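Worksheet for the structure shown next.
The values are calculated or read from the model by the stated rules, or taken from the named source; none is laboratory data. Everything numeric here is computed off the predicted structure, so don't read it as measured data. Here the Cβ positions follow ideal geometry from the backbone for every residue, glycine too, while neighbour counts run over all protein chains shown.
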Ligand SMILES: N[C@@H](CCC(=O)N[C@@H](CS)C(=O)NCC(=O)O)C(=O)O
């Protein structure tokens, strides 16, 4: 896809969500164990959960479940009972949850102040905004593209509302590459440590422990993932 169209439509998707998932809100208690999210990037309901994670400044292990994905969808069906996304596993509370609204409520109850922010609590209006955002990126981060599974999960520093991070996440999703998502939205407590580690405040930033590669720049990240993991 032409780069200007790519970035422009990703920016439009963020605008459609009125900036939800750009800044951190009022985080509460921190989870001891990492949350696990089974989702796909193009799914509007999964978007709501990813926005909540950024607002609450929470990291999560993301297991991408694009359509026709051979690995993690099977796991969700086996453990959860059905192929419906998002599916959140919270090892801190022992809960595993379907339904985006239930997951968002769980996250704000346990890791925020309790109240779900307006942009995520408008029911059908919230869903409509999330669907519009997905419609602006048709098919991206929704369908599996054959890939070699990595031995170890990758790591991505990102925040939901960034148009550039979305482009990198879509590639990780299509290739079904699991990754530890470090949310560093505006106001994140993790930003200082991130700058210390990476040298500057810029996202997306990808670390691949399988190859030792560390990189900025969404277009370079997509090209790297394609040449390293895509098959055929
Ligand atoms: N009400 C559910 C709807 C979830 C839903 O319909 N998710 C779609 C993806 S956007 C799904 O799981 N489709 C089945 C599939 O992808 O195989 C929620 O808010 O979580």
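How many residues are in a loop (DSSP other than H, G, I, E, B), in contact with a helix residue (DSSP H, G or I) (Cβ under 7 Å, 6 or more places away or on another chain) and more than 12 Å from the ligand (Cβ to nearest atom) if we restrict to the range 31-66?
3
Taking the range 143-173 as the search range and keeping residues that are in a strand (DSSP E or B) and touching a helix residue (DSSP H, G or I) at 6+ places or on another chain (Cβ under 6 Å), which one is surrounded by the most Cβ atoms within 10 Å (Cβ to Cβ)?
158
Conditions: (1) modelled with pLDDT under 95; (2) within 24 Å of residue 86 (Cα to Cα). Residue 152 meets all but one. Number of the miss?
It is condition (1) that residue 152 fails.
With respect to residue 226, is the statement that it is more than 24 Å from residue 73 (Cβ to Cβ) and either surrounded by fewer than 17 Cβ atoms within 10 Å (Cβ to Cβ) or at pLDDT below 95 (or both) true?
No.
Go through (1) part of a strand (DSSP E or B); (2) away from the ligand (no atom under 16 Å from the Cβ); (3) over 17 Å from the mean Cα position of the chain (by Cα) and name the single condition residue 114 misses.
Residue 114 satisfies every listed condition except (1).
Against the condition in contact with a helix residue (DSSP H, G or I) (Cβ under 6 Å, 6 or more places away or on another chain), part of a loop (DSSP other than H, G, I, E, B) and either at pLDDT below 95 or more than 9 Å from the ligand (Cβ to nearest atom) (or both), how does residue 69 come out, does it pass?
No.
Quick check on my filter: what residues within the range 81-106 are closer than 21 Å to residue 42 by Cα and not in a loop (DSSP other than H, G, I, E, B)?
Step one: list which residues in the range 81-106 are closer than 21 Å to residue 42 by Cα, which gives 82-89, 97-104.
Across the range 81-106, the qualifying residues are 87, 88, 89, 97, 100, 101, 102, 103, 104.
Give the range 77-95 a look and list any residue that's more than 9 Å from the ligand (Cβ to nearest atom) and surrounded by 17 or more Cβ atoms within 10 Å (Cβ to Cβ), or say none.
80, 88, 89, 90
So residue 139 fits all but one of (1) at pLDDT 95 or above; (2) within 15 Å of the ligand (Cβ to nearest atom); (3) closer than 17 Å to residue 173 by Cα; what number is the exception?
Single failed check for residue 139: (1).
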